[in-house]
Amino acid sequence: GGAMSPRLTRTERIAKLNDQLRARVGLPVFLGEAEPVLGMIVMTRGVMALTPEQIIDAWTHIRNFADFTDGNNPYGERDFGAFEIEDVGTIFWKIDYYGDRACNSGSEDPADPDRSYRVLAIMLAEEY
């Protein structure tokens, strides 16, 4: 028989959940019964003030973001990125982990989708 694929490390599980939420940025989400609600996406006032075209451009950049480096991804969780948009400048996206959708406390286990609720924030660099 074929070898079992190695179990994901805790960091890899967190990164995979982060990627799954990021893949939904700017898209309508139709969740099946078995799919966890991973979290929500929020935009700052500065991002909300951009044109619809610029916002859609930012969403696309975030969904497609792959430029992870030691500088922006030191823990391997793929929870932060930065990119440039013409006539706007630098935009950041960042994922934080909460215990539940009330977001009152941090998550005790971001690797477990049942015990974590993610908030992906999109902001202008100067708002950070």
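The values are calculated or read from the model by the stated rules, or taken from the named source; none is laboratory data. What you see is a predicted model; the values in this text were computed from it and never measured. As a convention, Cβ positions derive from the backbone with ideal geometry for all residues, glycine included, and neighbour counts pool all protein chains shown. For the accessible areas, the whole protein counts, side chains as well, though only heavy atoms, and no ligand, DNA or RNA atoms are used. Shrake-Rupley method; radii C 1.70, N 1.55, O 1.52, S 1.80 Å.
I'd like to check something: does the range 100-117 contain any residue that is touching an Asp or Glu at 6+ places or on another chain (Cβ under 7 Å), open to solvent by less than 50 Å² (accessible area, probe 1.4 Å) and assigned to a strand (DSSP E or B)? Yes: one or more hits. Which residues, taken from the range 85-99, are of a type outside the set (A, V, I, L, M) and either open to solvent by less than 40 Å² (accessible area, probe 1.4 Å) or part of a strand (DSSP E or B) (or both)? Across the range 85-99, the qualifying residues are Gly89, Thr90, Phe92, Trp93, Lys94, Asp96, Tyr97, Tyr98, Gly99. Residues to consider are Gly81, Gly76; find the one that is among the small types (Gly, Ala, Ser) and under 25 Å from Leu50 (Cβ atoms). Of Gly81, Gly76, the one residue that is among the small types (Gly, Ala, Ser) and under 25 Å from Leu50 (Cβ atoms) is Gly81.
The C-beta contact set for the range 64-84 (first residue under 13 Å from Lys16 (Cα atoms) and open to solvent by less than 50 Å² (accessible area, probe 1.4 Å), second residue modelled with pLDDT of 95 or more and part of a loop (DSSP other than H, G, I, E, B), distance under 8 angstrom, 6+ apart or interchain) comprises Glu77/Pro110; Asp79/Asn73. May I ask you to verify whether Leu38 is modelled with pLDDT under 95, under 13 Å from Val25 (Cβ atoms) and surrounded by 14 or more Cβ atoms within 10 Å (Cβ to Cβ)? When the stated conditions are applied, Leu38 passes them. Entry remark, the range 44-58: residues being open to solvent by less than 60 Å² (accessible area, probe 1.4 Å) and hydrophobic (A, V, I, L, M, F, W, C) number 4 in total.
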